[in-house]
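See structure below.
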Amino acid sequence: MVGFEVVVNGEVIHRAAAEAHKACSTRVSWINQPTDEGAEPTVSIGTSGMNAEGNFLKWGEERRLNTGDEITIRIVDLEEFDEPQKSLSLPNEISSEITKMIDRIKEINPLGFGS
């Protein structure tokens with residue numbers, strides 16, 4: 001099964017089975033909220049997705065990153081992956097809108113893994 005292996009500074013932090021779900025993404029985020037008194041900008045990495053039932057999935061906790069951290073996201077074909085640590089049911093309206101966005105992305109970029 002195809003999925004993502006996320007590595008930070010040589011340590012595998014999780015493996016998410018992308019192919020088993022409707023959507024799966026790993027992202028690096030910069031968050032800067034200057035309205036929060038004393039808040040520092042943060043950089044983090046996380047993986048989330050959606051299963052066929054429309055539930056929001058999350059692998060591990062957001063991991064805070066520091067200057068100099070090395071991040072590797074590998075596309076891997078493995079027998080076993082980590083189970084999502086969180087699964088939240090979304091209201092039908094939100095799930096439906098996300099499904100429409102995913103279908104639109106497929107129309108724009110119909111290439112799959114290995115293409």
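Computed from the coordinates by the stated procedures, all read-outs in this text should not be read as laboratory data. Just so it is clear, the model here is predicted, and its values are computed rather than measured. Positions of Cβ are generated from backbone atoms using ideal geometry, with glycine treated the same way; all protein chains shown enter the neighbour counts.
Data for the structure
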| quantity | calculated |
| --- | --- |
| Residue-by-residue Karplus 3J(HN,Hα) for region 58-74, coefficients 6.51, -1.76, 1.60, Hz, glycine and proline x | 9, 9, x, 8, 4, 10, 6, 10, 10, 3, x, 4, 10, 10, 10, 10, 9 |
| Which of Asp69, Asp82 has the fewest Cβ neighbours within 10 Å, and the rest in rising order | Asp69, Asp82 |
| Value of relative contact order over region 2-108, rounded to a whole percent, pairs C-alpha under 8 Å and six or more apart | 29 |
